[in-house]
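The values are calculated or read from the model by the stated rules, or taken from the named source; none is laboratory data. Please read all numbers here as calculations on a predicted model, not as lab measurements. Neighbour counts run over all protein chains shown; Cβ positions are idealised from the backbone, glycine included. The protein model used for the area step is the full one, side chains on, heavy atoms only, and it has no ligands, DNA or RNA in it. Shrake-Rupley method; radii C 1.70, N 1.55, O 1.52, S 1.80 Å.
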Amino acid sequence: AAMKCVIGGAQLRVFGRAIHAIARISDEFWFDPVEKGLALRSVNSSRSAYACVFFSSMFFQHYCWTAVSQPCQKEKQLSLPCKLIIKSVLPVFRCVNVLERNVEKCSISTNPSDHHITFQLLCRHGVVKTYNLTFQECDPLQAVFAKHMCPNILKVHSRLLADVMIHFPTSQEEITLSVTPMKVCFKSYTEEDTDFSRTMLTEIQLSPEEFDYFQVGVDSEVTFCLKELRGLLAFSEAASVPVSIHFDRCGKPIAFSIEDLLLEASFILATLCEAEKEAASPEPACCPRPWDSNSDTATSKKPQQKGNTPSINSAKPPSALAKQEVKNIPRGTERDVPGTAGAATAKAAGGEATEAPYEKNSYLYKYCIFQFHSLFFGAISYKEKEAIGDTFQSLVTASDTEEEFGALQSSQV
Amino acid sequence: MRFRAKIVDLACLNHFSRIINTIAKLAKTCILRLTVCKLYFILSDKVANGGASMWCELSQGNFFDEFQMEGVAAEHNEIYLELVPENLSRALKTAQNAKAVKIKLTNKHCPCLSVAVELPSLSSSSRIVTHDIPVGVIPRRMWNDFREPSVPDFDVSIYLPALKTMKSVVERMKNLSNFIVIEANLSGEMNLKIETDLVSVTTHFKDLGNPPWASEDGCQSSAQDRDLESMAEACIDIKKLQQLLAGQQVNPTKALCNIVRKRIVHFILLHEEVSLQYFIPAVA
């Protein structure tokens, strides 16, 4: 597909901040223009952080997209997104604050035939800066996440989150968000082998009243990477849109999203999984073996419990949310066979959740499953009509990272 | 051993923060000594510190609205803690508009100074930010290592020039040399000198004034026999001097230094509520 768009001065700052926010996730990002707008996506190498920013065509002063028919193989989409190296794009939007003052508008155009994307900044005094960047065609990347299935939802202005994060040192990698219906607490994350005699710990307690929307269905304590989040906070401040936080118990992803008429963004981060304290078995009963795609039929909730897998011994009583969880098919591992089972599952879940959200602005994942989709695993069944594949196979996800962390966090549940 | 203190007044809090910032610039780790009336920040002259030592003393009543402590024992009603002042500085940094700051000694995973900052919020209940700063408790048998240093038997005592001026001079000299010579005489003259293979630079200050020290056991009377023009000099690590000057956030009421020829330079910076002494040994 070919696309040409123009970003007006005022929106440049927002766009630039989006690029910077995505840059914190990975070195490359997916540039995916579609008829309705432009999507930018990124995922980090350990698949523990995913970002997607979608600018609707209304965000731009001018947006024009034409499908170009090309001979393509069956599995490929009609319009392939392209991958760009962030480092090449960042200089275009360096000094975002200054951008607004000096640049009148920015035009972006793609030229699929010679694999170029051109960024052109039209600045004051007739200066025009042109950046021609090559892109690689690549597999589409999308993740879907069941936001509306999350028991815990907080909504707050980004200013508040920024005021909270300022108390943590910039070197702080991970923080823990702990909620009960009575209070909200952000604190420095500590591993079991933290040397407390050398580490300064910070904790911030907030009252639920400070949030624009506060729903806590299940007490939970989730730990995620702060660094990846900071970009989103700066971006949402530039866009002046409140931030919604959707999450569940530890181990399940946490989504930070913003949405208004012109744009939507979601940053989905994996959270650390806690070990089962009461694990009777010598086996580590905890996270790293989440469910197969097959296990969705079980009414289990925590990775530790589960039907099919005899190796997991410790069981926790299923909570009231167990039923809901069934539909939450979180992550499989690389070792899972992304076979038809997965597809079936996804479809089933898709069937349930394909409601109104889909028609609206389907790029942003008001949808069920935190899964990645990649041609690489060769299991796409692509339907041309639906831009978002709801028939994705589960992919490598956070579970890998969680293993690395080896989290042994004490359970609050 | 118990300690709890509270600051409610914003001006006191800011002043206290500034002092902590100054200490943090001078020492990576230091000793905090608590007594009923005073707080001391001490850096002893161990080799690890590069030989420089520091003694900073403040009256708790000038800063804290509440201050309670119980030392290790009744006859030794003091607490000595080892801490990283940068941590304390960081904890106080975001307390600019706090409603109150409480500091107390706790023992969670290890002995800590817990700094709880109560911040205003949009809702009826305040936001509370707690920082747990790990500390090491110094046992009583080691307290002797941290006694107040005595004023050395100096050759010259002189008031310092405006710290801002001195700082900018030293900062530029730092780019040229690792060592600086401070020399001064009893006629109110001071020179800062650096000398390398390529260049030597000297900055001259005059009319600085020499503080009158009460004469004790005759050591000062010999100074009167001394030539008023003769310079006493010491060559010191320029970085240490620069750290001292850069850390000053407020102009002191009095600033002076005592020079022991080729041995040590003793700086004294006095503010209304806090005094800071810093010793930089001369290099061979």
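Quick look at the numbers
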quantity	calculated
Mean separation of Cα contacts under 8 Å (6+ apart) over length of region B:81-121, as relative contact order %	36 percent
With DNA, RNA and ligands ignored, accessible area of A:K183 (1.4 Å probe; Å², nearest 10)	80 Å²
Portion, in percent, of the accessible area of region A:2-137 that falls on carbon or sulfur, probe 1.4 Å	49 percent
Hull volume in cubic angstrom per residue (convex hull over the Cα atoms of chain B)	154 Å³
Radius of gyration and maximum dimension Dmax of region A:2-137, Cα, Å	14.7, 49
Other-chain or far-sequence residues with amide H under 5 Å of B:S125's (modelled H)	none
In Å², nearest 10: area of B:D227 left accessible to a 1.4 Å probe	90 Å²
Distribution of pairwise C-alpha distances over region A:143-198, 5 Å bins, in %	4, 12, 19, 21, 19, 15, 7, 2, 0
Mean accessible surface per residue for chain B, computed with a 1.4 Å probe while every protein chain stays in place, in Å²	49 Å²
Residues listed by number, region B:50-70, amide nitrogen under 11 Å from B:V250 label point at 7 Å toward C-beta	B:63
Peptide B:82-95, shielding by other chains (average Cβ, 10 Å cutoff)	2
Net length gained if the chain between B:R2 and B:N97 were fully extended (0.36 nm per residue, minus Cα distance)	31.5 nm
Solvent-accessible area, 1.4 Å probe, carbon plus sulfur percent, for chain B	48 percent
Mean Cα-pair separation over length for chain B, i.e. relative contact order, pairs under 8 Å, 6 or more apart, %	18 percent
Other protein chain Cβ atoms within 10 Å, averaged over every residue that makes up B:99-110	1
Relative intensity, log₁₀ I(q)/I(0), of region B:1-84 from a Debye sum that treats every alpha carbon as a point, q = 0.24 Å⁻¹	-1.21
Whole-number accessible area per residue in Å² for region A:148-213, which is evaluated in the context of all protein chains at 1.4 Å	43 Å²
More than 23 Å apart - percent of Cα-Cα pairs taken over region A:147-271	26 percent
Average beta carbon contacts from partner chains per residue of A:189-199, 10 Å cutoff	3
Estimated vicinal HN-Hα couplings, Hz - region A:252-262 in sequence order (Karplus 6.51, -1.76, 1.60; Gly, Pro = x)	8, x, 10, 10, 10, 9, 10, 7, 8, 4, 9
Loss of accessible area when A meets B, both sides summed, Å² nearest 100, probe 1.4 Å	1700 Å²
Largest to smallest principal axis extent of the C-alpha atoms in region B:2-145, angstrom	50, 34, 31
Percent RCO, i.e. relative contact order, over region A:147-271, from Cα pairs under 8 Å lying at least 6 residues apart	32 percent
Residues whose placed amide H lies under 5 Å from that of A:V34, excluding near-sequence neighbours	A:A39
Highest to lowest packing among B:199-212, A:160-173, A:234-247, scored as the average C-beta count within 10 Å	A:234-247, A:160-173, B:199-212
Region A:111-156-region A:186-227 distance, computed between alpha-carbon centres (Å)	32 Å
Percent accessible area from carbon and sulfur atoms, region A:147-271, protein chains only, probe 1.4 Å	49 percent
HN-Hα J in Hz across region A:98-115 - Karplus 6.51, -1.76, 1.60, θ = phi - 60°, x for Gly and Pro	7, 3, 4, 6, 9, 9, 7, 7, 10, 10, 10, 9, 10, 10, x, 5, 10, 6
Label-point separation, A:D260 to A:H116 (7 Å along Cα→Cβ), nm	3.5 nm
